[in-house]
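Beneath this line is the structure, given in structure tokens, with notes to follow.
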């Protein structure tokens, strides 16, 4: 497809930037991590929020951000925490490698860098978990470095402004170049203004073009194609995996959990014992061979469904209420770590990923939710 570029004389960079900043000064969102107007942003708070916001919505992040900041108010406090504590506080936000990278980066900043965050995008990219977008966002918002931070909102706005019809993700480099050319001296405000414009006005569906400060210069609006942009490439089908999970509790109500391996999917997080994941559900006889110990296992009706980035997972849940805790006979999956019996009232405060929380909730089947979820995955 051909990208239609507007004549330079028609869309002037200073005019576009000035109009957007004028709009932002009136309509800027109030967010927990955003510095008040006229005040310098705290790089720790910017970094913490940007890591949390990766692949997660503002609404989901706000509560977690406040709790993290209350518990670890600065980078040195976060660096001094144990990784298990950070993972437990993160539980429910998903994409748990972010939490491990967050902790590793905090330790590097607090140790090697003496508590001071790098001030340029290039230097920030050396921190664990900080990629190109995140580095640009932090350096612009915290230090006013003239960097474009092209999140999904910003990409949508720029794609429409210039009528970029190249499909994503191929268009990312082009969109970044176009966005970068617009960044003024007030880089931090500009980056946040672009995000706010995409979130509040230039929305994916039914954009409110009449309230957009760039409407008169928007090539997509002129051509009536704003709702078709940005063009997204075809989605590849995600494979479906199926398996069994085993939720057991003793007479005190403590639930059996196992620590996952230190590397790989959901590394170091807790889970109930699981069977292997395969294309089809195991028969009941096969599933019981994968149980962590012999018991009166019964299968709950229904399944638990959860979407990961690269595959979908469906789980049948077997449960057992135990008269006494058994000695495990070695059938907990190889490579896993310690075995824990966690009191039911403490399940919400340990490092349980969302999918495992849903499995436990289904296994206990107490008629109401034990956990609050932030992901779009759902049980059926």
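The values are calculated or read from the model by the stated rules, or taken from the named source; none is laboratory data. Note that the structure is a prediction, hence the values are computed from the model and not measured. Counting neighbours? That spans all protein chains shown, and the Cβs are built from the backbone with ideal geometry, glycine included.
Quick rundown of the values:
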quantity	calculated
Whichever residue in segment 194-227 is under 13 Å from residue 164 (Cα atoms) and loosely packed, with under 14 Cβ neighbours inside 10 Å and, among such residues, is nearest to the chain's Cα centre (by Cα)	227
Residue that is surrounded by the most Cβ atoms within 10 Å (Cβ to Cβ) [pool: residues in segment 39-50 that are in contact (Cβ under 8 Å) with a residue 40 or more places away in the chain and within 20 Å of residue 104 (Cβ to Cβ)]	47
Count of segment 135-152 residues which are touching a helix residue (DSSP H, G or I) at 6+ places or on another chain (Cβ under 7 Å) and modelled with pLDDT of 95 or more	12
Subset of segment 240-263 that is farther than 20 Å from residue 296 by Cα and at pLDDT below 95 - its residue that is surrounded by the fewest Cβ atoms within 10 Å (Cβ to Cβ)	263
Test result for residue 193, closer than 30 Å to residue 94 by Cα, modelled with pLDDT of 95 or more and touching a strand residue (DSSP E or B) at 6+ places or on another chain (Cβ under 8 Å)	no
Leading residue by the ranking (nearest to the chain's Cα centre (by Cα)) among those in segment 51-71 that are under 17 Å from residue 350 (Cα atoms) and buried (at least 18 other Cβ atoms within 10 Å of the Cβ)	64
All positions within segment 303-324 that are under 13 Å from residue 256 (Cβ atoms) and either loosely packed, with under 14 Cβ neighbours inside 10 Å or modelled with pLDDT under 90 (or both)	324
Boolean, residue 282 is over 24 Å from the mean Cα position of the chain (by Cα) and exposed (fewer than 12 other Cβ atoms within 10 Å of the Cβ)	no
Single condition residue 118 does not satisfy, out of (1) over 21 Å from the mean Cα position of the chain (by Cα); (2) free of Cβ contacts under 8 Å to residues at least 24 places away in the same chain; (3) within 30 Å of residue 22 (Cα to Cα); (4) in a helix (DSSP H, G or I)	(4)
The listed residue being within 22 Å of the chain's Cα centre (by Cα) and either free of Cβ contacts under 8 Å to residues at least 24 places away in the same chain or outside any helix (DSSP H, G or I) (or both), out of 154, 149	149
For residue 126: the one exception among (1) without any contact (Cβ under 8 Å) to a residue 60 or more places away in the chain; (2) part of a loop (DSSP other than H, G, I, E, B); (3) surrounded by 16 or more Cβ atoms within 10 Å (Cβ to Cβ)	(3)
Counted residues, segment 186-211 - those being without any contact (Cβ under 8 Å) to a residue 60 or more places away in the chain and in contact with a helix residue (DSSP H, G or I) (Cβ under 9 Å, 6 or more places away or on another chain)	14
Residues of segment 212-229 classified as more than 27 Å from residue 30 (Cα to Cα), touching a helix residue (DSSP H, G or I) at 6+ places or on another chain (Cβ under 6 Å) and either free of Cβ contacts under 8 Å to residues at least 40 places away in the same chain or part of a loop (DSSP other than H, G, I, E, B) (or both), total	1
Hits in segment 39-86 (condition: in a loop (DSSP other than H, G, I, E, B) and over 17 Å from residue 139 (Cα atoms))	55, 56, 57, 72, 73, 74, 81, 82
Search result, residues across segment 87-114 that are part of a loop (DSSP other than H, G, I, E, B) and either under 21 Å from residue 34 (Cα atoms) or not assigned by TED's automatic domain parsing to the domain that holds residue 52 (or both)	93
